[in-house]
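Right, one structure below, let's go through it.
The values are calculated or read from the model by the stated rules, or taken from the named source; none is laboratory data. Note that the structure is a prediction, hence the values are computed from the model and not measured. Ideal geometry is used to build each Cβ from the backbone, glycine not excepted, and the neighbour counts take in all protein chains shown. Surface areas here come from the heavy atoms of the whole protein model, side chains and all, with no ligands, DNA or RNA. Shrake-Rupley method; radii C 1.70, N 1.55, O 1.52, S 1.80 Å.
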Amino acid sequence: MKNLESIDAENTYQVFDWLWTSGQLSERDILGLPALGIDVVINLALPTSSPSLPGEAELVTQQGLVYIQIPVEWENPKPEQFTQFVGTLKAFEGHNIWVHCAKNMRVSAFIYLYRKLILSESEEEASLPMREIWNPNETWEAFIKNICDLA
C-alpha cells in the first residue's frame, strides 16, 4: 500500500495494488502522483462538476501521465460510459491507475460494477469502497441495476 496521507482528495481508497480512487484531486495531489507510481488518471466528472480543477488535463499530462476523461453526468449515467471505462482499464492493464470524480461517488459505483461483473468478486468485496462512501440514490441504483441486467 502506498502512503495516501499526503493526498488532499476526499474519499481516497487504494482498491488494488494498481488502482486508486478518490474525489477531485488537488494540484498538489497531481504533482505527487508520479511519486506514487501512477501512470494513468481517469476522470469521470464533467469539466463543470464542482469542485473541478481548471487545467487538470494539462497538469496531469505535464507530469508524464496519461489523462482520460469520461464525463459522466450525475443525473444521467449511461451504460456506454461504463463500457468505455472497462475498456480503458483493460487498455491500461499492467499500469497503475487513479480514477476520480467530484466526490468518489460516480467512481465507486463504476468500481462496484467492475468488481462484481468483470472480476466476479463477491458482493461484500465488490461493494468496497462504495458502501463506505455512499448509498446510491434512485438514479444510480437504476443505473447499477441496468448494467447488471445487461451483463
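Return the total of residues in the stretch 1-16 being of a type outside the set (S, T, N, Q), touching a residue at least 40 places away in the same chain (Cβ under 8 Å) and part of a loop (DSSP other than H, G, I, E, B). First the steps, then the outcome.
From the stretch 1-16, those of a type outside the set (S, T, N, Q) are 1-2, 4-5, 7-10, 13, 15-16; that's our starting set.
Filter again for touching a residue at least 40 places away in the same chain (Cβ under 8 Å), leaving 9-10, 13, 15.
In the following step, the residues that additionally are part of a loop (DSSP other than H, G, I, E, B) were identified as 9-10.
Number satisfying all stated conditions: 2.
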Exercise for the section: Find the residue count for the stretch 117-138, including only residues that are within 21 Å of Pro77 (Cα to Cα) and either among the polar types (S, T, N, Q) or open to solvent by less than 70 Å² (accessible area, probe 1.4 Å) (or both). Expected result: 11
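Looking at Val99, Val86, Val107, can you tell me which residue is among the aliphatic types (A, V, I, L, M) and in contact with a Gly (Cβ under 9 Å, 6 or more places away or on another chain)? Outline the logic, then answer.
Details: Val99 fails: in contact with a Gly (Cβ under 9 Å, 6 or more places away or on another chain); Val86 fails: in contact with a Gly (Cβ under 9 Å, 6 or more places away or on another chain).
None of the others qualify; the one that does is Val107.
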Handout entry: Ile38, sole failed condition from (1) free of Cβ contacts under 8 Å to residues at least 60 places away in the same chain; (2) of a type in the set (Val, Ile, Thr); (3) in a loop (DSSP other than H, G, I, E, B)
Key = (1)
Fill in the blank from the handout: Looking across the stretch 51-98 at residues that are open to solvent by 60 Å² or more (accessible area, probe 1.4 Å) and hydroxyl-bearing (Ser, Thr, Tyr), the single one that is farthest from Asp8 (Cα to Cα) is Thr83
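Taking the conditions exactly as written (touching a residue at least 40 places away in the same chain (Cβ under 8 Å), within 21 Å of Gly87 (Cα to Cα) and of a type in the set (Ser, Thr, Tyr)), does Thr21 satisfy them or not? Outline the logic, then answer.
Working: touching a residue at least 40 places away in the same chain (Cβ under 8 Å): yes; within 21 Å of Gly87 (Cα to Cα): yes; of a type in the set (Ser, Thr, Tyr): yes.
Yes: the conditions hold for Thr21.
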Practice task
Sort out which residues of the stretch 20-46 are surrounded by fewer than 18 Cβ atoms within 10 Å (Cβ to Cβ) and under 15 Å from Asn104 (Cα atoms), and write them in order of number.
Solution key: Ser26, Leu46
